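Please treat every number below as a calculation from the coordinates, not as lab data. These numbers come from a predicted model, not from an experiment. For neighbour counting, all protein chains shown are included, and Cβ atoms are generated from backbone atoms with ideal geometry for every residue, glycine included.
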Amino acid sequence: MKKLIALSVITLALAGCKTVNTGTIEEAQNFAQCTFPDSPTVEAPSWICDVMPKDLAIGATGYAKKSVAGMSVMRKIAINDARVNLAAEFQTDVNNMFKQAIESTTKTTTATGADENVVESFESATKNIVTRSLTNSRLIVSQASPAGGLYVLVGMDQNAYDANVNKVVDAANSDSKLWKQFNDDKAAKDLQNALTSLKKM
């Protein structure tokens, strides 16, 4: 009898853990409530929780706490914070694209260590390029929180994103430090093919 009761309890517990289908991905996203990080009991727009609008190729949020300096100063701080976050995200995107391009363009005869050195060199080069040359990001929307802080969303449409990718590729093509990694024509051609494949026509 005790075994039967224990078995019934386990069965009910497992039934309670069953995954419930909540519908489409969009419905599932809308179901998750977003709140202001500085006012966690108040509902916030979903972009504050990194649910990006579909018409942006890339976006990032920024924040400025309430300041006696006023809203104009807070806006500058929040936008700068968002642009720093956007640059980091963009750099990660480009580096991932480059890794994929290197893997698809280099032949299996190329040493793994050589590929890793190239990727590391490219990541170092793109960090400098992105930091000084990311352009055409714009303020999309801003929202004051109940606590008086300011949240902003900065982003790029697809055309601006593609233009920035092209700019990074062009700068990498002219970076002598990156090209010094190669001591033969085949490896240099592999890099050229990888960089060309990143260009957005």
- [ ] Just list whichever of LYS99/LYS167; LYS99/LYS189; LYS76/LYS199; LYS127/LYS189 have alpha carbons separated by over 25 Å in the model shown.
- [x] LYS76/LYS199
Task: Sequence of LYS54, LYS199 once ranked by neighbouring C-beta atoms within 10 Å, starting from the fewest - done: LYS54, LYS199
Task: Other-chain or far-sequence residues with amide H under 5 Å of ILE140's (modelled H) - done: LEU153, VAL154, GLY155
- [ ] Take peptides 162-170, 146-154 and line them up by average Cβ neighbours within 10 Å, highest first, as a rough protection proxy.
- [x] 146-154, 162-170
Task: Karplus (6.51, -1.76, 1.60) ³J(HN,Hα), θ = phi - 60°, over segment 63-78, in Hz, Gly and Pro reported as x - done: 9, 9, 6, 4, 9, 5, 5, x, 5, 5, 5, 4, 4, 4, 5, 5
